[in-house]
Amino acid sequence: MAEVAYAAITAPVGLDPAAPVLQLVREVMQADSAGFYTHEWDGTSVAVHIEPVEVWRIIPFARIPTWRAAALNPGIDHLISARRPDPFAVTDVVSVRAWWGSELHSMMKADWGRNFQFAIPVASVDRAAESQVWVLGRTMLEFGPRDREVAGAI
């Protein structure tokens with residue numbers, strides 16, 4: 001999407017270009033929240049950017065060992081085990097019932113209610129060591145085929 005590239009290129013001096021890109025991705029995908037994460041396969045998973053900023057206070061972990069993140073979130077487990085660039089919803093990997101019964105969803109439920117998550121993997125320089133991913137969240141509407149098309153364009 002040209003708009004996403006333009007948002008990064010025209011970010012004000014001193015502002016990380018990922019911030020306006022993340023905001024735009026969130027708007028385009030009609031998500032309630034969005035984050036940019038790095039998962040070192042043999043290290044740590046880190047929330048690099050979160051939008052809107054208020055979400056920082058309610059995410060369960062901003063930094064966590066990747067093995068633990070993968071055990072908590074079937075989306076992260078899929079991301080690091082499949083190592084594919086295709087966008088996916090957590091409910092593409094496990095059923096809605098399994099996701100809502102997961103430990104991570106249980107941790108998030110008080111602040112998020114029902115939470116649907118969608119991942120857009122980003123090609124990293126060293127695919128052998130880490131994954132970078134845009135993660136979008138919605139509380140009311142599951143991600144569908146149209147979201148996959150838009151994510152593919154991004």
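Here are the numbers for this structure:
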| quantity | calculated |
| --- | --- |
| Whole-percent carbon and sulfur share, accessible surface of the chain, 1.4 Å | 56 |
| Per residue accessible area in Å² of the chain, where ligands, DNA and RNA are left out and the probe is 1.4 Å | 54 |
| Length added when fully stretched, ARG146-ARG68, from 0.36 nm per residue minus Cα-Cα | 24.9 nm |
| Simple Cβ-charge dipole of the chain, Lys/Arg +1 and Asp/Glu -1, about Cα centre, in debye nearest 20 | 300 |
| Virtual spin-label span in nm between ALA82 and LYS109, 7 Å along Cα→Cβ | 2.6 |
| Two-decimal Rg/Rh across the chain, once Rg and the Kirkwood Rh are taken from alpha-carbon atoms | 0.93 |
| Inter-label distance for GLU27 and TRP56, nm, one decimal - labels placed 7 Å from Cα along Cα-to-Cβ | 2.2 |
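The values are calculated or read from the model by the stated rules, or taken from the named source; none is laboratory data. Note that the structure is predicted; figures quoted are calculated from it, not measured. Counting neighbours? That spans all protein chains shown, and the Cβs are built from the backbone with ideal geometry, glycine included. For the accessible areas, the whole protein counts, side chains as well, though only heavy atoms, and no ligand, DNA or RNA atoms are used. Shrake-Rupley method; radii C 1.70, N 1.55, O 1.52, S 1.80 Å.
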